[in-house]
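Visitor: Okay, here's the structure, questions in a sec.
The values are calculated or read from the model by the stated rules, or taken from the named source; none is laboratory data. Note that this is a predicted model, so its numbers are computed, not measured. For neighbour counting, all protein chains shown are included, and Cβ atoms are generated from backbone atoms with ideal geometry for every residue, glycine included. Accessible surface areas use protein heavy atoms only, side chains included; no ligands, DNA or RNA. Shrake-Rupley method; radii C 1.70, N 1.55, O 1.52, S 1.80 Å.
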Amino acid sequence: MMDDSALKACIEKAVCGDADAFRDVVLAHQRLVAHVVFRMTGNAADAEDLCQDVFVKVYQNLGGFRGESKFSTWVGRIAYNTCINHLQKKRMPLFGDMRNGLEGPDDEAGEGELPDAYAEGRDLKARLEREMACLPGLQRTVLTLYHVDEMSYIEIGEMLGMPEGTVKSHLFRARKRLKERLMKKYRVEECLP
Amino acid sequence: MKHLTEDQIQSCLDAGRDPCPDEIALHLKQCGRCRDAWEEQRKLIDCLSMEPDFSLPDGFADRVVASVSGGKNRNRLRIFGVSMIAVGVLLISGYAWFILKGSGLEKYFEWIKSLGSAGARFWAMLDFAREWADGLFGERSDLALAAAMVLAIIALADRLIFKPRMALFFTSGRTIR
């Protein structure tokens, strides 16, 4: 990860039209943007194009970044707003469960998946991903930003435009729901290592 | 002490309190149920730090750079086009204004005719513009000039100031709940 002074220098150069500097900015932030976009949309097929849209917007507005927040927070916010607009255009639920109504016996084998394949893919990561997919996009995003990107409640709040308490509440609710789902489907000892 | 709530356990783990506050630590020693809940939560938190099943392909940054460079060139072309139209409108309006006002300034431009065939062609073009402006604006050519100037300024401001500002507002300043 690029340090603050190197990032600042890259941003200044990119504002002046330096393509290599902007490439460095993209490389430094593409993981964060991918996390936000993938978690918000839950759809890998749309995610790459959306990530590209996010960085085009970052480039267009780079001159307007005034350093009032961390640059990564600002980029993440653009990613979040781009996802919201995308979901609104597609008339998809913004904060609701993406897979409402899938609980129950049919949910056991996963969507369109053969039982054998399901059994083979029962490793921990696959289980977590499967259960994560059932959480609302916002909760998935908060979970990933907190645990994978190691952002604080305050940074996540700034990025998603919500108070620290709301972030905490989303995070706690998401973990509780995830744990309940995992416990319900798998035996306790095989559910978590 | 009552059993620990899920929120208490999560808060404690999030804060990275190790050891956690005394009363909680003591309770965990005595209560198997809360100890199990604590362990389950801790394991879940450990698992959640695994990378999601999605990453951008190699060469993504190059594609982004190529797309913004293309966009920048298109913008430059647009700005150039709008500027040229604005300059053209201003020239024609200005010419019409000088001529139709009968200010006698035309004589100062007659040297253009002496520039050979290129000068003659340019003069013919000016004549055409004069006829066109005369037919279009008539006696109101001064108003036409003012209107053209205002339009040109708005068009340029729209390209250079308003649109970038509005884009900034819509992409980074909005709060959606």
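Visitor: What are the pairs with Cβ atoms under 6 angstrom where one residue, in the stretch B:29-58, is facing chain A (nearest Cβ under 8 Å) and the other, located anywhere, is of a type in the set (F, W, Y)? Sequence gap at least six, or different chains.
Guide: B:P52/A:F38; B:F54/A:F38
Visitor: Out of the residues in the stretch A:81-97 meeting the condition of being open to solvent by 40 Å² or more (accessible area, probe 1.4 Å) and outside any helix (DSSP H, G or I), tell me which one is modelled with the highest pLDDT.
Guide: A:K90
Visitor: While we're on this one: So in the stretch A:14-55, with the set limited to residues that are surrounded by fewer than 23 Cβ atoms within 10 Å (Cβ to Cβ) and among the basic types (K, R), which one is nearest to the other protein chains (Cβ to nearest Cβ)?
Guide: Going through the qualifying residues, I end up with A:R23.
Visitor: A further question follows. Output the number of the condition that B:C20 fails; it satisfies all remaining conditions of (1) facing chain A (nearest Cβ under 9 Å); (2) part of a loop (DSSP other than H, G, I, E, B).
Guide: Failed condition: (1).
Visitor: Give A:I11, A:I78 a once-over and let me know the one that is β-branched (V, I, T), under 23 Å from A:E155 (Cα atoms) and open to solvent by 10 Å² or more (accessible area, probe 1.4 Å).
Guide: A:I11
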